[in-house]
1. Sort R18, R198, R46 from largest to smallest accessible area, using a 1.4 Å probe on the heavy atoms of the protein chains.
2. What net charge do the residues around I101 carry, taking every other residue with its C-beta under 13 Å from that of I101, with Lys and Arg at +1 and Asp and Glu at -1?
3. Taking the Cα-to-Cβ direction at E31 and at R125 and moving 7 Å from each Cα, how far apart do the two end points lie in nm?
4. Given contacts defined as C-alpha pairs under 8 Å and at least six residues apart, what's the relative contact order of the stretch 30-133, whole-number percent?
5. Per-residue counts of other Cβ atoms within 10 Å, averaged by peptide: what ranking do you get for 161-169, 176-184, 211-219, highest first?
6. Any idea what the relative contact order of the stretch 123-200 is, in percent, if you count C-alpha pairs under 8 Å spaced at least 6 apart?
Amino acid sequence: LCAAAGCARAMEATLMTRLAYIQTGDTAVDEISRAGLMGLTRVLERRTSVEAGEPLAIRLGLDDMAFFPLIYWPITSSQPDLSQAAIDQVNFFLEHGGTIIFDLREASTGGQLFGAGSQGTQDLRRLTQGIAIPTLEPVPVEHVLRKSFYLMEDFPGRFVGSTLWLESTGENVNDGVASVLVGSNDWAGAWAVNELGRPLNAVVPGGPRQREMAYRFGINLVMYALTGNYKADQVHIPF
């Protein structure tokens, strides 16, 4: 039998589909992550058949990750190095069908990843030491993530212009769903809303269209995590 608190959280996480985010310890960043996934959850409810509950925070090494199909991980310089228990937890999650999107939350890092250029990439390297990151590639032109709900060419967030990387085609076995995605467009920042549903952050270079496309990317991402290569199969059926 589990402890009462652990059972309550397990029930909370499993009775409804929920998005989750890694708690960084930075109160401002964690609140944006929560508000961002809350904003995305509301849009999912309005536009799709996904009926999700409020997002939950995950304390690495303490909270079970297994309940969530998709976890948002904002990268910050203040996050401490992972304990061995946390490393083992993340590796187990990735090996058993989970998906994590790492967000460096900075203006374009260009086409390089794990390079020495930006602070975000350095923090990403540090925080993923010991994690079995698969071979990554930019999202291919015909990848199902570009058409899982909306047709998309780019993946804007609060920022635009960065490359979105994911597990190389053929590397994964989870029904075609990549275990790891990495980008830097600050998607939670674009999705974040207050209790009245109003955006919390400006988008750069800006405009309602960019925020709309950020939400569309979020919807595509969730549908991709939940349905795998279903959409890729369906496009071959003429009717």
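The values are calculated or read from the model by the stated rules, or taken from the named source; none is laboratory data. Remember, predicted model here, so these are calculated numbers, not experimental data. Neighbour counts run over all protein chains shown; Cβ positions are idealised from the backbone, glycine included. With ligands, DNA and RNA removed, areas are computed over all heavy atoms of the protein, side chains included. Shrake-Rupley method; radii C 1.70, N 1.55, O 1.52, S 1.80 Å.
1. R46, R198, R18
2. Here the count lands on -2.
3. Here the answer is 3.3 nm between the modelled labels.
4. The normalised contact order for the stretch 30-133 reaches 25 percent.
5. Order by mean packing, descending: 176-184, 211-219, 161-169.
6. 28
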